[in-house]
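The structure appears below as structure tokens.
The values are calculated or read from the model by the stated rules, or taken from the named source; none is laboratory data. Here the structure is a predicted model, which is why all the values come from computation and not from measurement. Quick reminder, even Gly has a Cβ in these numbers, built from the backbone with ideal geometry, and neighbours come from all protein chains shown.
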Amino acid sequence: MTTTFDSATLTSTARLAEWASSLEFEDIPDVVVEAAETLLLDCLGCTLYAAALPWSRIVQEHVRAEAAPALAGVWGTSLRTSVPLAALANGTAGHGFEIDDVDHRSGLHVGSVTVPVALALAEADGGWGGRELLTALVAGFEVGLRVGMAIEPGHFLRGFHPQGTIGPIAATTVAARGLRLDAAQTGHAFGLASSMAAGLMGAQQGGMVKRLHAGRSGESGVVAARLAQRGFTGTDDVFDIDFGGFCSTLEGKPGANERLAALVPGLGEEWLTPNVGYKLHASCAANHSTLDVVRRLRTDAGIGAADVASVRVETSHHTVVHCGWDYVPGDIVNAQMSLRYGVAAMLQAGNASVDQYAVSRINDPVLVELASRVDVVADESIDALGSTHRHMTRVDITLHDGRVLRGEAKHRIGSQFEPVGRPEIEEKFAQLTGRLDGIDGAAIHDAVVSLDRLKTTQTLSTLLNVVVGGSS
């Protein structure tokens with residue numbers, strides 16, 4: 001059953017639903033297809049790397065205990081389970097080590113909430129053509145990013161984590177398009193997923209729960225779409241409601257939907273997927289511009305940590321709130337979110353790779369003491385430049401000999417403003433998967449970059465459903 005709408009009278013919610021449900025591969029420009037394949041490759045590398053880490057293993061144990069029908073694989077293991085539980089496990093690993101993609105405009109790590117959903121549904125369905133998978137993914141990318149943009153930065157500054165709140169919207173869009181729901185059913189899926197949205201930025205202070213936000217989003221997206229497919233109804237204008245709607249509630253003020261309405265007319269013309277950013281450091285993206293500057297100053301001056309007396313970082317209020325707090329050693333996520341720890345690691349090792357966030361490193365007394373000499377302050381002149389410059393940074397490194405090294409960056413390397421291309425992501429993928437026993441990274445790479453020509457996604461799913469080791 002297909003529902004036809006009069007676009008001139010549609011709510012923003014219905015317009016998004018109509019567009020997503022009617023999207024076909026032929027509608028997607030080649031540059032967007034290439035960007036989607038690159039996003040997929042990055043997500044798979046990040047997920048496989050994190051699949052053997054403790055928090056991922058705990059979720060896998062939970063999934064195994066549920067003894068659900070063996071329909072879809074949990075990547076990096078031999079385990080098979082239901083579609084929602086596969087999305088839960090793979091999504092948790094996908095956001096499992098702060099190295100997955102991140103979109104500056106929405107704050108969403110879109111890969112880990114969409115890719116696990118699409119591949120699990122495809123596998124349970126006996127495999128889709130590569131073009132069908134890409135179409136579902138692009139629908140989820142575009143809708144999730146647009147909804148996120150409509151409520152940032154107010155949504156984040158109220159303490160919500162986009163991965164857990166916007167994530168279900170992107171996930172259910174992928175599921176709805178993959179299940180071929182019509183526009184009305186997709187609108188109801190949006191309403192259902194919106195009521196499943198949850199995730200607090202307090203998770204960055206420690207514990208494993210931040211990783212779970214992506215997994216829960218994927219699981220919720222599958223459930224919402226499947227319920228809508230069966231006739232279960234949701235709030236089908238959920239993005240447009242002034243009181244109690246998704247946008248107005250999460251941003252914290254009525255009328256937030258007006259910004260969403262301004263984004264909708266560009267659907268199918270102004271594609272957001274090619275501008276999604278990537279991470280080249282294994283930490284919070286808000287740290288990266290500062291880490292880029294510190295690395296450059298360190299290299300150019302030929303200094304090491306022993307030469308440094310103190311560091312002063314001037315940045316936005318957003319970054320200070322997000323990751324500028326005093327570093328107190330705890331668990332890995334706390335270190336990955338900490339700007340002060342990241343600067344200390346960069347000064348000592350010259351990089352902020354996955355190795356710098358091992359348990360032995362984050363508790364190293366030398367690094368902890370060095371982090372205490374990093375000062376992070378908000379600069380009103382940076383805030384005045386607006387949200388696009390929220391990662392702008394000015395860094396002063398004072399040396400023991402009295403010299404002061406100064407540098408600044410407007411944006412981080414890897415963002416939409418200083419983008420990296422597929423070669424950098426291929427190198428990152430090779431570095432992550434090259435550390436893993438049992439993974440055929442070259443074959444996965446080849447399947448992904450030729451996905452638009454792949455007859456069945458089962459080829460890719462088989463490559464992912466193997467036991468890995470070595471990431472930790």
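Since Pro153 meets every condition but one in (1) over 21 Å from Thr92 (Cβ atoms); (2) in contact with a Phe, Trp or Tyr (Cβ under 6 Å, 6 or more places away or on another chain); (3) not basic (Lys, Arg), which condition does it not meet?
Unmet condition: (2).
Which numbered condition in (1) of a type in the set (Ser, Thr, Tyr); (2) modelled with pLDDT of 95 or more; (3) not in a helix (DSSP H, G or I) is the only one that Ser472 fails?
(2)
Checking the conditions here, which among Ala184, Ala193, Ala124 is buried (at least 24 other Cβ atoms within 10 Å of the Cβ) and not acidic (Asp, Glu)? First the steps, then the outcome.
Values: Ala184 fails: buried (at least 24 other Cβ atoms within 10 Å of the Cβ); Ala124 fails: buried (at least 24 other Cβ atoms within 10 Å of the Cβ).
When all the criteria are applied, what remains is Ala193.
Of the residues that make up the stretch 411-422, is at least one at positive phi and buried (at least 17 other Cβ atoms within 10 Å of the Cβ)?
Yes.
Considering only the stretch 126-169, state which residues are in a helix (DSSP H, G or I), of a type in the set (A, V, I, L, M, F, W, C) and within 24 Å of Arg80 (Cα to Cα).
Those that are in a helix (DSSP H, G or I), of a type in the set (A, V, I, L, M, F, W, C) and within 24 Å of Arg80 (Cα to Cα): Leu133, Leu134, Ala136, Leu137.
May I ask you to list pairs of residues, at least six apart or on different chains, whose Cβ atoms are under 7 Å apart, with the first in the stretch 127-147 being in the same structural domain as Val449 (by TED's automatic domain parsing) and on the phi < 0 side of the Ramachandran plot and the second being β-branched (Val, Ile, Thr) and not in a helix (DSSP H, G or I)?
Pairs found: Trp128/Thr457; Gly129/Thr456; Gly130/Thr457; Leu133/Thr457; Thr135/Ile28; Val138/Ile28; Gly144/Ile166; Val147/Ile166.
Which members of the stretch 375-424 meet the condition of being within 17 Å of Val102 (Cα to Cα), part of a helix (DSSP H, G or I) and of a type in the set (D, E, K, R)?
Scanning the stretch 375-424 gives Arg422, Glu424.
Considering every residue within the stretch 273-280, establish whether at least one is surrounded by fewer than 21 Cβ atoms within 10 Å (Cβ to Cβ), modelled with pLDDT of 95 or more and closer than 30 Å to Glu18 by Cβ.
Yes; the residues of the stretch 273-280 include at least one that is surrounded by fewer than 21 Cβ atoms within 10 Å (Cβ to Cβ), modelled with pLDDT of 95 or more and closer than 30 Å to Glu18 by Cβ.
So, Asp242, is that one of a type in the set (Asp, Glu), surrounded by 15 or more Cβ atoms within 10 Å (Cβ to Cβ) and either in contact (Cβ under 8 Å) with a residue 40 or more places away in the chain or not in a helix (DSSP H, G or I) (or both) or not?
no
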